[in-house]
1. Quick check on A40: is it touching a Gly at 6+ places or on another chain (Cβ under 8 Å), in a helix (DSSP H, G or I) and surrounded by 15 or more Cβ atoms within 10 Å (Cβ to Cβ)?
2. Kindly indicate the residue of region 423-435 that is open to solvent by less than 50 Å² (accessible area, probe 1.4 Å) and not in a helix (DSSP H, G or I) and also modelled with the lowest pLDDT among those meeting that condition.
3. Only residues that are closer than 15 Å to V310 by Cα and open to solvent by 50 Å² or more (accessible area, probe 1.4 Å): list them for region 230-263, please.
4. Does region 74-84 contain at least one residue that is closer than 18 Å to R24 by Cα and touching a residue at least 24 places away in the same chain (Cβ under 8 Å)?
5. Anything in region 7-22 that is polar (S, T, N, Q) and over 21 Å from K34 (Cα atoms)? List them, or say none.
6. Taking region 43-56 only, how many residues are surrounded by 14 or more Cβ atoms within 10 Å (Cβ to Cβ) and farther than 14 Å from P18 by Cα?
7. What are the pairs with Cβ atoms under 7 angstrom where one residue, in region 102-115, is polar (S, T, N, Q) and the other, located anywhere, is crowded, with 22+ Cβ neighbours inside 10 Å and part of a helix (DSSP H, G or I)? Sequence gap at least six, or different chains.
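The values are calculated or read from the model by the stated rules, or taken from the named source; none is laboratory data. Owing to the predicted nature of the structure, the values given are computational and were not obtained by experimental measurement. Because the Cβ atoms are built from the backbone with ideal geometry, glycine has one as well, and the counts that use them run over all protein chains shown. These area figures cover heavy atoms from the full protein model, side chains too; ligands, DNA and RNA do not enter into them. Shrake-Rupley method; radii C 1.70, N 1.55, O 1.52, S 1.80 Å.
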Amino acid sequence: MSHNDLIEPLRQALRVSPENLPLRIHLGETLIRKGLSLEAESLCKEGLTLAPGSESLKLLLASAFMNQGKDTQALVILEELLARRDTPAKAYLLHAKLSLREGKIQAAVHSYKEAIDLEPELADDELADQLGMNPEEDDELVEGRLRHADYDEEDDDLDVTLERPDTNFADVGGMEPLKEEIRMKIIYPMQHAEMFAAYGKSIGGGILMYGPPGCGKTHLARATAGEIQAKFLNVGISDVLDMWIGQSERNLHAIFEQARSSKPCVLFFDEVDALGASRSDMRQSSGRHLINQFLSELDGVEQRNDGVLVLAATNAPWHLDSAFRRPGRFDRILFVPPPDLEARASILQVLLRGKPVGSIDLKKVAKRCGELSGADLKALVDQAVELKLQEAMKTGKLLPLSTNDLLAALKRIHPSTKDWFSTAKNYALYSNQEGLYDDILTYLKMK
């Protein structure tokens, strides 16, 4: 039986009923099986105009792209699906195949494991063999890694780079209430331990900073270290997370040990919600083990954390496990809003340093930038410089930046904080039983 004998009736049926989604998906799957991926691509794209949220059509389109070698287009679709909380198992499987093709073996192993954990029937022996998932005793490849006779996982030595920041609170424009909160919570207790003890004030715990991205949470943490001339450890997700079972916990322990051996030290966790997401939302036990390890390290169960100041930042505090907010952990939650007027003027002054500048009224510009984050302000200055360069290319003259240049560039900048506040407002209004997000409502003038 030829391809047409199987496919043509399906094509004709779809012409009669183009909005029949199951029929379109069945035809798409048949086309891909028969090697007609270009037609399947067109079919899926047309279907997504009718049903833009169809997960099945997106998966089919990713398969059609991969079969044609259009890996970038396939990856865009898969990354969207993988960003969801309810990622379909087939998306993980396709991502594993795509990662293998690109030579990213460990990423492929991770995605393949996720796929078969969700749907064991998706097990693919050929793919598993290529990834070293079914190793024989003398095989060199084991789960994406080369086997070495003298390899011992316990010998892995994690070393996050220690910094000695040369900035302090004087370099942070505005944010005075936040600075004072940090002083009272973690700086003064270390500098005046006897006085705090006399008042029976317990010492310990950390600070969790939350707010829109690009508003200076990392800068404030680094300035905290500089304020007390402490070392600074900036910990990202990739410094901790590992595909090997138990290795993420060992990495986290090693980071805390490094901080303890380098005290006084400010230990800063960026995007901490990725390491401490709510356990109730997790499908894998490995994530729960990592959270338990994190909580144990914060509590100083095995070793005391004297001299280690722990700060963390997140754009989504509502995703963080509630256990992190108990006393002695991240028991002080600070909202870091977009920079205030003073801070905006200060940021602009720093960003303009070293550039040809004329007479600029920083306060005037800052007043017009009310919703902009620090990152947005950098984009503003970059845009003004580009516009001035275009003018300089035409005239051949190096012209200084002016107030009007910045205000003209401002028309091209859209505040990145708006999307965050639209989400945060919903949590502050409807999931705020403990009053954690009252500062958001106050900032939005809704309280």
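1. yes
2. Residue satisfying both the conditions and the ranking: N432.
3. Of everything in region 230-263, those that are closer than 15 Å to V310 by Cα and open to solvent by 50 Å² or more (accessible area, probe 1.4 Å) turn out to be H253, E257, S261, K263.
4. Looking through region 74-84, none of the residues is closer than 18 Å to R24 by Cα and touching a residue at least 24 places away in the same chain (Cβ under 8 Å).
5. S17, N20
6. Residues meeting the conditions: 3.
7. S111/Y92; S111/H95; S111/A96; S111/S99
Residue-wise test of (1) among the charged types (D, E, K, R); (2) at pLDDT 90 or above; (3) under 29 Å from M446 (Cβ atoms).
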| position | (1), (2), (3) |
| --- | --- |
| H319 | no, no, yes |
| E342 | yes, no, yes |
| K355 | yes, no, no |
| A375 | no, no, yes |
| V381 | no, yes, no |
| E391 | yes, no, no |
| F421 | no, yes, yes |
